[in-house]
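I have a structure I would like to understand better, so I am pasting it below and will then ask my questions one at a time.
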Amino acid sequence: MTSRADVPAVKAALRSQAVETPSWAYGNSGTRFKVFAQPGVPRTPREKLDDAARVHEHTGAAPSVALHIPWDRVDDYAALAAYAAGLGLRLGAINSNVFQDDDYRLGSVCHPDARVRRKALDHLLECVDIMDATGSRDLKLWFSDGTNYPGQDDVRARQDRLAEALAAVYERLGEGQRMLLEYKFFEPAFYTTDVPDWGTAYAHCLKLGERAQVVVDTGHHAPGTNIEFIVALLLREGRLGGFDFNSRFYADDDLMVGAADPFQLFRIMYEVVRGGGLDGGVAFMLDQCHNVEPKIPAIIRSVMNVQEATAKALLVDREALSAAQEAGDVLAANAVLMDAYDTDVRPLLAELREEAGLDPDPVAAYHRSGWARKITDERVGGTQAGWGA
Ligand code: PSV
Ligand code: MN
């Protein structure tokens with residue numbers, strides 16, 4: 001360990017960090033060209049939870065699972081929550097889906113037709129009903145709304161429609177429930193997007209109230225965007241509700257978090273630590289798709305990547321950094337940060353796992369467990385979960 005740090009405090013912070021895994025990452029996924037099926041993929045929400053339980057079993061750091069409605073529609077959500085509890089899990093954020101219906105061709109809550117807007121709003125309100133049954137804290141809203149051609153719709157009016165729907169949903173939230181508004185700079189709309197950036201999301205959240213928070217999906221920015229600055233700013237304003245972690249080379253690639261640019265993830269996590277974001281108010285969620293790699297070990301790897309970036313961020317010698325910054329010593333300040341980033345934190349995390357009674361190598365432990373073979377043998381027949389299912 002090269003960085004001077006209070007190792008027990010670093011370990012305590014790491015022990016309290018939880019990463020939420022997304023139900024859809026356990027299902028089949030692909031690109032708009034092809035969804036690839038993999039053997040052993042879950043057919044039901046319960047089977048997704050069975051897989052998520054393996055991730056938690058081996059990492060000790062993934063106790064909750066986000067649901068996506070209607071992909072995870074069941075008759076009895078309280079029973080699903082009880083099933084999760086039996087596996088040592090809980091149900092996390094409820095993700096709404098107002099992007100996979102023919103009615104939403106021109107948008108959902110921003111659609112020019114009041115009938116479609118009402119249908120989309122009813123879905124969002126249904127998601128809050130589901131939260132009541134599952135005990136979920138967060139409703140995650142992502143809108144595919146936007147336009148493809150200049151003049152296609154009134155951009156300003158679409159903002160008014162958005163504000164109206166958000167206000168209705170906010171009003172419906174129960175005590176302790178939050179609304180997380182996600183932004184994305186383009187796709188599927190190509191000309192205008194109704195919630196394209198953190199500023200738009202923040203402006204809407206500000207009007208709604210404190211329980212409306214912005215969610216930062218790390219894949220939803222233009223190349224070169226300084227995401228850690230956005231994180232620092234939202235934390236300062238008390239409006240960073242959470243992350244959808246993944247990584248990107250080109251667009252919304254949904255690759256494993258920390259795979260494409262681990263240094264960026266470290267810089268983000270440093271701002272989280274610096275801004276007090278490890279206190280439970282920020283949800284660390286994954287939003288990934290494992291199209292070509294086996295899913296469960298990829299999700300385990302992703303949780304570990306978040307832990308590694310967090311450990312490095314916690315190792316930053318904040319006193320030395322402040323001293324260098326105050327002295328205007330650019331090189332020394334940068335060196336303090338790089339010193340933490342260059343630290344090999346794998347032994348520290350291995351030790352932490354052993355102290356918790358876990359295998360120090362979660363991926364190897366998963367491979368040894370025989371779970372992959374078991375689900376390949378047993379999950380035969382039925383329809384595998386996947387986009388749209
Ligand atoms: C949109 O690209 C997004 O990031 C939203 O979070 C969706 O709900 C999610 O992906 C599902 O694929
Ligand atoms: Mn997302």
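Which members of the stretch 135-165 meet the condition of being assigned to a helix (DSSP H, G or I) and either surrounded by fewer than 21 Cβ atoms within 10 Å (Cβ to Cβ) or among the basic types (K, R) (or both)?
Once the filter is applied, which keeps residues that are assigned to a helix (DSSP H, G or I) and either surrounded by fewer than 21 Cβ atoms within 10 Å (Cβ to Cβ) or among the basic types (K, R) (or both), the stretch 135-165 yields V155, R156, A157, R158, Q159, D160, R161, A163, E164.
Name the residues in the stretch 320-332 that are in a helix (DSSP H, G or I) and aliphatic (A, V, I, L, M), would you?
Listed by number, the residues that qualify are A320, L321, A323, A324, V330, L331, A332.
From the set of residues in the stretch 361-389 that are at pLDDT below 95 and touching a helix residue (DSSP H, G or I) at 6+ places or on another chain (Cβ under 9 Å), which is farthest from ligand 1 (Cβ to nearest atom)?
Step by step, filter the stretch 361-389, then rank; the result is G386.
Please give the number of the condition T193 fails out of (1) within 16 Å of ligand 1 (Cβ to nearest atom); (2) loosely packed, with under 15 Cβ neighbours inside 10 Å; (3) farther than 21 Å from M285 by Cα.
(2)
Which fully enclosed helices (runs of 4 or more DSSP H) of the stretch 1-92 have 1 or more residues being out of contact with any Lys or Arg (no Cβ under 8 Å at 6 or more places or on another chain), in contact (Cβ under 8 Å) with a residue 60 or more places away in the chain and within 18 Å of A385 (Cα to Cα)?
Counting at least 1 such residues, we get 45-59.
Tally time: how many residues in the stretch 333-356 are under 15 Å from H58 (Cβ atoms) and either in a loop (DSSP other than H, G, I, E, B) or under 26 Å from the mean Cα position of the chain (by Cα) (or both)?
5
Quick grid of which residues meet (1) hydrophobic (A, V, I, L, M, F, W, C); (2) over 23 Å from A66 (Cα atoms):
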position	(1), (2)
R118	no, yes
M131	yes, no
L162	yes, yes
R178	no, no
D194	no, yes
A201	yes, no
L206	yes, yes
H221	no, no
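OK, next. Go through the stretch 129-159 residue by residue and tally those that are within 16 Å of ligand 1 (Cβ to nearest atom) and either touching a Pro at 6+ places or on another chain (Cβ under 8 Å) or under 27 Å from F185 (Cβ atoms) (or both).
9
Please go through the stretch 92-113 and give me each residue that is more than 16 Å from ligand 1 (Cβ to nearest atom) and more than 27 Å from Y202 (Cβ to Cβ), ordered by number.
Of everything in the stretch 92-113, those that are more than 16 Å from ligand 1 (Cβ to nearest atom) and more than 27 Å from Y202 (Cβ to Cβ) turn out to be D102, D103, R105, D113.
The values are calculated or read from the model by the stated rules, or taken from the named source; none is laboratory data. Worth saying up front: this structure is predicted, and the values here are computed from it rather than measured. Virtual Cβ from ideal backbone geometry, glycine too; neighbours counted across all protein chains shown.
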